[in-house]
1. Select from segment 33-47 the residues that are loosely packed, with under 10 Cβ neighbours inside 10 Å and of a type in the set (V, I, T) and list them in ascending order.
2. Go over the candidates F30, F20 one by one and state the one that is of a type in the set (F, W, Y) and at pLDDT 80 or above.
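The values are calculated or read from the model by the stated rules, or taken from the named source; none is laboratory data. What you are looking at is a predicted structure, and each value in this text was computed from that prediction instead of being measured. Methodologically, a virtual Cβ is constructed for each residue, glycine included, from the backbone with ideal geometry; neighbour enumeration extends over all protein chains shown.
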Amino acid sequence: MIPPKGRMMRSRWAILAVLFLARFGMAFQFESIGALAPVLGGIQGFSLSEIGLLVGLYLGPGIIVAIPGGAVAKCPCHLGVTSFR
């Protein structure tokens with residue numbers, strides 16, 4: 001049987017791996033829009049301002065989620081969320 005500390009360390013590494021993969025995937029998706037901008041412009045006829053709008057729309061949900069997320073992180077006492085300060 002693995003002692004509790006060992007299980008906690010494995011859990012931390014698993015969480016770190018999941019967060020790394022999620023962040024890597026998000027960055028890869030975000031950067032692919034800029035890399036494909038000439039192709040989108042040539043084939044689909046998008047202008048640079050339309051591609052910029054596409055990038056802005058991609059970031060929009062993150063802004064909407066970040067505001068309540070900051071409120072939860074600031075005052076976790078009411079929601080049962082653990083914060084490391």
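1. I43
2. F20
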